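**Q** Here it is: the structure, laid out below.
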Amino acid sequence: MGETEYAVIGGGLVGMAVAFGLQRAGRRVTVFDEGDVAFRASRGNFGLVWVQGKGAGLPDYARWSRLSAALWPELAAELEEASGLKLELSQPGGFDICLTEAELAAKAASMAALRARLDGDYPFEVLGHNRLREMLPAIGPKVAGAIYGPEDGHVNPLYLLRALTAAFLGRGGRIENGAAVAEIAPLAWGFRIGAAPGWRAEKVVLCAGLGNARLAPLVGLNAPVKPNRGQVLICERAAPFLPYPNLHVRQTGEGTVQIGASSEDVGLDDGTTPQAMAAMAKQAVDMFPVLENIRVVRAWGALRIMSPDGHPIYEASRAHPGASLVTCHSGVTLAACHALRLAPWIAGGSPPVPYLESFSADRFALSPAA
Amino acid sequence: MSDPVPLIVIGAGPAGLCAAAEATAAGVETLLLDEQTAPGGQIYRAIGRASPERQAILGSDYGRGARLLEVLDSGCLDYRPSASVWQVTPEREVYFTIAGQAQSLRAERIVLASGAMERPMPFPGWTLPGVMGAGAAQTLLKSSGLLPGGGAVLAGSGPLLFLVASQILDAGGRIAALVETTPRGNSMRAMPYLPAMLRMPSYLTKGAVLLARLRRAKAPHFKGAHNLSAQGGKRIEFLRFTAGGRDHDVPCSLLLLHQGVVSNVQITRALGLAHDWKPLPRAWQPRLDPWGGSALEGIAMAGDGGGIFGARAAELQGRLAGLDAAYRLGKLTQAARDAKARSVQRALAAERAARPFLDRLYQPAAEFLNPADETLVCRCEEVTAGQIRGFVKLGCLGPNQAKSFGRAGMGPCQGRVCGLCVSEIIARARGADVQDVGYFRIRPPIKPVTLAELAAMACAGPNDAK
Amino acid sequence: MPIDSPFRRLPDAQARTLAFTFAGRELEAREGDSLAAAILAAGIATTRHTPVSGAPRGPYCMIGLCFECLVEIDGEPNRQACMVEVRDGMRVKAMQGARGLGKGPADE
């Protein structure tokens, strides 16, 4: 029981980035988080700071992702300074590798269409097998080529969460964890967080991932998010062989090789399946035959938080001023925008970009997807 | 897809061999998968090929294992050694690798008999080369006739520590020191459990014989030792500890540790079964019914993987699980199962009764459950106890957040070595119960498997010809 | 058996002797030995240097649980020495940090 200026619901990458950003903006923040076992996309993700391919259906999402990628070095530097951790941020550009010419052609066409909608301001290259091999010598003969996005990169997502948490606590933030927030009640002034008597907050920011779907209507918001499962294989550490991240295989700063990722609509099941594990392994070996004898030490499944169109939802409640919603499935890529641009807006500033309204949940009311 | 195998037994120690024996005797076609190259499990390791001299040193309890191997002659049994099982699904698909070839088979019923492991004994310096488990040294004796000859130091607590010491002496080896870490208050706290123990007087007699053997050998014996640290540059050079109010440095080139044995819960955890924290042995135990059955239809556990009750109990649990499998597969009537089970259940109850006394008497000292800050707890990822405590200060409530913050449990051993300790450290730091703190979520594969092995399964389902 | 080994062998007249190399050194094993046992018998305590800090490690559990005895066998990295029986002519090296990819010659 206590009082806070801002209650951030959810201590994952989205919630902690927003909390850290609110704190930077001079706000007093308490984060409410679940216990050790929960659906946690922040513990199960691929660590990409990724631009290419995002926004095909909403060019403003491409703009927003690019902005975040550009802001990432600033966020990383500040977090590393505050936490003493190395986040292993590297943005050398990245690849989306294709095993067939048809797949490569389809992706190239989609990227070209996106570039046209962005008035030509959208860098990428389509590389055939031979040109790709000059940059990624480990590719196998089955690889047709790849899309290269010069703004793509990766980071250690686990150290990102730890650094955000350490920085937030180090600057006087507070985390209340151990149980999911079951209810939020608008009061005459502010909100009650949790069952009565609960905490009292002047403002509340919903960053609860899949939990937002249930919490949003309590404060006049709409978060039609659903789970989408991704499974990933984690291999033993290897000597560096992959100088660039790519969408299916990346090598972390420590040498671990990660292979992803499935995409399945299976509800709230974050398990793994032998079938998906085998398919991912086959694809990885086709792309990089040199990996055939590397050992998988662990696999995991985690749930992406998907809105109907896959894009973020950012919304301030009109019915209950002071409540807002932040949800997306790219908590790593967008961490920089969330901390450095979105949080100042939630703290009372003006919209950080002229197109912020593109991310309003209003778009679902007008489309059949809602 | 071919028909499912009626019964797959995983593990060829006493529990698995006995489960297979009962099932095959009832006519159940049984596949027995074992990770080792020869049957017997850890307790009867290499029993089929140990020379008579070696058997004499290892004693009659070891020799008992030989008759468990008779099941291998059964026409109903398909025994496959060197099989590394890396995934068991709730749908009873078993994935395993033999000689670099991954395979999968679906079973109507599964008996898990994955056994026990020595409780890891973390303290400063325990990762130095030349420091190993006392049980590991016994494995070397059983399977290779290797004897600590140059004066080993044995340190820790528990019956196996005395047994190994005695076997080393019987074989003509030398012990530089026996450093017992059992806290002095343990024997008083174990007294309430003594009456039940007396149902199995043979255990007390065996203990007395071992202690007398050690006294005769006149090896230096320290009791109530604490503040242990292993010291050395590239390998162990000496063990430092406090005992009897004095500090000691005992030089050694081999330091053998023991702190009891605990269930290997990797398979049951990966299956998502519920586990209960047992405060006396300070370990987890999967929740099972009296036949070893789990909450998952058709999947049972027998032996020390379901709680430590010893080799005899493992045989009995194996028999019960095998009988129940035969009944549920229609090879025994319920009445026949129950009739055969009656004497087994009685004997099992007596074996179990002895356990609380031993668990309390040899409960590890606090410094091995909740070690000093500088102790490497996760050996794979090199995470210290102090770092885990630091994660608690960041709001970490349990081992899964600790894993995420600092990689504890993310290495190839998947938390087998650090899991118990990480949960204990977090519990103490939070002032919470270990049951509430919980355990790592274990994910497949539970043994490393190559990408090529996995990839080869991409087109094939369970039981497809490979 | 080297004098500095903390282990000695019990006499076993029937056991056949096998030859293998560790880091280029020619060593003897007995048929049926796990590789880890044969390495320890030869007085070698360190089977790997960790990929995290480079610290030396040796066999700890001997039953395939702890992954401390990881070695390279005939060019194949990160094998558990306690889970593999010695074969005549095996070429073995300690693991030095993270593995390489692909197979390389064992004793270059």
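**Q** Would you work out the charge dipole size for the stretch B:212-303 about its Cα centre, treating the Cβ of every Lys and Arg as +1 and the Cβ of every Asp and Glu as -1, and quote it to the nearest 20 debye?
**A** 580 debye
**Q** Which residues' amide hydrogens lie under 5 Å from the amide hydrogen of residue A:360, considering only partners 5 or more residues apart or on another chain, with H built in the peptide plane?
**A** A:314
**Q** Here is a further query. What net charge is computed for the residues neighbouring residue A:5, neighbours being all others with C-beta under 13 Å from the C-beta of residue A:5, Lys and Arg scored +1, Asp and Glu -1?
**A** +3
**Q** Follow-up question, since we're still on this one. Considering the Cα trace of the stretch C:1-52, what is its radius of gyration and what is Dmax, both in angstroms?
**A** Reported Rg and Dmax, both Å: 11.9, 43.
**Q** Starting from the 7 Å offset along Cα-to-Cβ, what nm value, one decimal, do you get for the label separation of residue B:91 and residue B:347?
**A** Going by the 7 Å Cα→Cβ label model, 3.9 nm.
**Q** May I pose another question? Using the Karplus curve 6.51 cos²θ - 1.76 cosθ + 1.60 with θ = phi - 60°, what ³J(HN,Hα) values do you get for each residue of the stretch B:198-205, in whole Hz, with x for Gly and Pro?
**A** My calculation for the stretch B:198-205 gives 5, 5, 10, x, 4, 5, 5, 4 Hz in order.
**Q** Charges on Cβ only, +1 for Lys and Arg, -1 for Asp and Glu, centred on the Cα centroid of chain B; of B:344, B:376, B:358, which one is farthest towards the dipole's positive end?
**A** B:358
**Q** Which one of B:143, B:159, B:212 is farthest out on the positive end of the charge dipole of the stretch B:120-259, using unit charges on Cβ (Lys, Arg +1; Asp, Glu -1) and the Cα centre as origin?
**A** Among B:143, B:159, B:212, the one farthest towards the positive end of the dipole of the stretch B:120-259 is B:212.
**Q** Ranked by Cβ crowding within 10 angstrom, fewest neighbours first, how are B:144, B:104 ordered?
**A** Listing B:144, B:104 from fewest to most nearby Cβ atoms yields B:104, B:144.
**Q** At q = 0.09 Å⁻¹, what log₁₀ I(q)/I(0) does a Debye calculation on the Cα points of the stretch B:324-466 give, no solvent, two decimals?
**A** -0.52
**Q** Now for a separate question. Using a 10 Å cut-off around each Cβ of peptide B:436-448, what is the average number of partner chain Cβ atoms that fall inside?
**A** 5
**Q** Let me ask something else. Averaging sequence separations of C-alpha pairs under 8 Å and six or more residues apart, then dividing by the length of the stretch B:120-259, give the relative contact order as a whole percent.
**A** Here the relative contact order equals 38 percent.
**Q** Related question: What is the spin-label model distance, in nm, from residue A:130 to residue B:194 if the labels are put 7 Å beyond Cα along the C-beta direction?
**A** 8.7 nm
**Q** Evaluate the relative contact order of chain B (contact order divided by residue number), counting alpha-carbon pairs under 8 angstrom at least 6 apart; express in whole percent.
**A** Worked out over chain B, it gives 20 percent.
**Q** Is the shape of the stretch A:94-150 rounded, prolate or oblate, going by the alpha carbon gyration tensor and its root eigenvalues a ≥ b ≥ c, with a/c under 1.5 for rounded and a/b larger than b/c for prolate?
**A** oblate
**Q** Further, regarding this structure: Quick one: 3J(HN,Hα) in Hz for the stretch B:177-182, Karplus 6.51/-1.76/1.60 with θ = phi - 60°, rounded, Gly and Pro as x.
**A** Couplings: 6, 10, 10, 8, 9, 4 Hz.
**Q** If the rule is a partner Cβ under 4.7 Å, which cysteines in chain B fail it?
**A** Lone cysteines by the Cβ rule: B:18, B:76, B:252, B:380, B:396, B:413, B:421, B:459.
**Q** Further, regarding this structure: Which residue, A:346, A:184, A:305, tops the fluctuation ranking in a GNM of chain A built on C-alpha contacts under 10 Å?
**A** Evaluated over chain A, the most mobile residue of the options is A:184.
**Q** Also: Rounded if a/c is under 1.5, else prolate if a/b beats b/c, else oblate: with a ≥ b ≥ c from the C-alpha gyration tensor eigenvalues square-rooted, which is the stretch A:227-306?
**A** prolate
**Q** Under 4.7 Å Cβ to Cβ, no partner at all: give me those cysteines from chain C, in residue order.
**A** C:69, C:82
**Q** Please give the charge dipole size of chain A, origin at the Cα centre, charges +1 on K and R Cβ atoms and -1 on D and E Cβ atoms. Round to the nearest 20 debye.
**A** Here chain A has a charge dipole of around 260 debye.
**Q** Jot down the radius of gyration and Dmax of chain A, Cα atoms only, both in angstrom.
**A** 20.6, 66
**Q** I would also like to ask the following. Using +1 at the C-beta of Lys and Arg and -1 at the C-beta of Asp and Glu, which of A:139, A:238, B:5 has the Cα lying farthest in the positive direction of the dipole of the protein assembly as shown?
**A** B:5
**Q** Another one. Other chains' Cβ within 10 Å of C:78-88 residues: what's the mean?
**A** Mean shielding by partner chains, rounded to a whole number: 3.
**Q** Run lengths n ≥ 4 of DSSP H only: what is the helix-derived mean residue ellipticity at 222 nm for the protein assembly as shown, with -39500 (n - 2.57) per run over all residues, to the nearest 500?
**A** -8500 deg cm²/dmol
**Q** Ordered by residue, what ³J(HN,Hα) values in Hz, to whole numbers, does the stretch B:51-59 give under the Karplus form 6.51 cos²θ - 1.76 cosθ + 1.60, where θ = phi - 60° and Gly and Pro are x?
**A** For the stretch B:51-59, the Karplus curve yields 5, x, 4, 5, 4, 4, 5, 6, x Hz.
**Q** Give, to the nearest whole percent, the P(r) tail of chain C beyond 25 angstrom, counting all Cα pairs.
**A** For chain C, the share of Cα pairs beyond 25 Å comes to 15 percent.
**Q** Where is the GNM fluctuation largest for chain A (alpha-carbon springs, 10 angstrom cutoff): A:282, A:54, A:203?
**A** Ranking A:282, A:54, A:203 by mean-square fluctuation puts A:282 first.
**Q** Turning to a different aspect of this structure: Choose one answer from A:298, A:133, A:43: the residue with the largest mean-square fluctuation in a GNM of chain A with alpha-carbon springs under 10 Å.
**A** A:298
**Q** Per residue, how much space in cubic angstrom lies within the convex hull of the C-alpha atoms of the stretch B:120-259?
**A** 116 Å³
**Q** Go through B:142/B:218; B:206/B:447; B:142/B:234 and tell me which ones have a Cα-Cα distance over 32 Å in this structure.
**A** In this structure, B:206/B:447 exceed 32 Å between Cα atoms.
**Q** Let me check against my output: what whole-number percent is the relative contact order of chain A, with C-alpha pairs under 8 Å and at least 6 apart?
**A** Relative contact order here is 25 percent.
**Q** Same structure, new question: For chain B, take the longest principal axis of its alpha carbons; what is the angle in degrees between that and the long axis of helix B:14-25, to the nearest 10 within 0 to 90?
**A** So the helix axis and the longest Cα principal axis differ by about 20 degrees.
**Q** If you don't mind, another one. About its Cα centre, how strong a charge dipole does the stretch B:340-414 have in debye, to the nearest 20, once Lys and Arg get +1 and Asp and Glu get -1 at the Cβ?
**A** With only Lys, Arg, Asp and Glu charged at Cβ, the dipole is about 620 debye.
**Q** Percent of Cα-Cα pairs more than 38 Å apart in chain B, please.
**A** 23 percent
**Q** Do me a favour and compute the ellipsoid semi-axes for the stretch B:27-72 from its Cα gyration tensor, root of five times each eigenvalue, largest one first, whole Å.
**A** They are 22, 11, 8 Å, listed largest first.
**Q** State the dimensionless ratio Rg/Rh of the stretch A:1-156 (Rg: radius of gyration of Cα atoms; Rh: Kirkwood radius).
**A** We get a ratio of 1.06 for the stretch A:1-156.
**Q** Another question about this same structure. Compute the separation of the alpha-carbon centres of the stretch A:130-169 and the stretch B:389-444 and state it in Å as a whole number.
**A** Answer, in whole Å: 29.
**Q** Which of the three applies to the stretch B:370-432, rounded, prolate or oblate, going by the alpha-carbon gyration tensor with a ≥ b ≥ c and a/c under 1.5 meaning rounded?
**A** Prolate shape, in that a/c is at least 1.5 and a/b is the bigger ratio.
**Q** How big is the protein assembly as shown on each of its three principal axes, counting only the C-alpha atoms and giving the largest first in Å?
**A** The principal-axis extents, from largest down, are 87, 64, 63 Å.
**Q** Using modelled backbone amide H atoms (1.01 Å from N, in-plane), which distant-in-sequence or interchain residues come within less than 5 Å of residue B:74's amide H?
**A** none
**Q** While we're here: Could you work out, residue by residue across B:399-411, how many beta carbons of other chains sit within 10 Å of that residue's beta carbon, and then give the average as an integer?
**A** What the average comes to for B:399-411 is 5.
**Q** Excluding residues fewer than 8 places away in the same chain, name every one of the lysines whose C-alpha is closer than 16 Å to that of residue B:403.
**A** Of all the lysines, those that pass the test against residue B:403 - Cα under 16 Å, at least 8 places apart if same chain - are B:393.
**Q** Turning to a different aspect of this structure: For the stretch A:200-352, what is the convex hull volume of its Cα atoms per residue in Å³?
**A** Spread over its residues, the Cα hull of the stretch A:200-352 gives 145 Å³ apiece.
No value in this document is a laboratory result; all are computed from the given coordinates. Note that the structure is a prediction, hence the values are computed from the model and not measured. With ideal geometry, Cβ positions are generated from the backbone for all residues, glycine too; neighbour counts draw on all protein chains shown.
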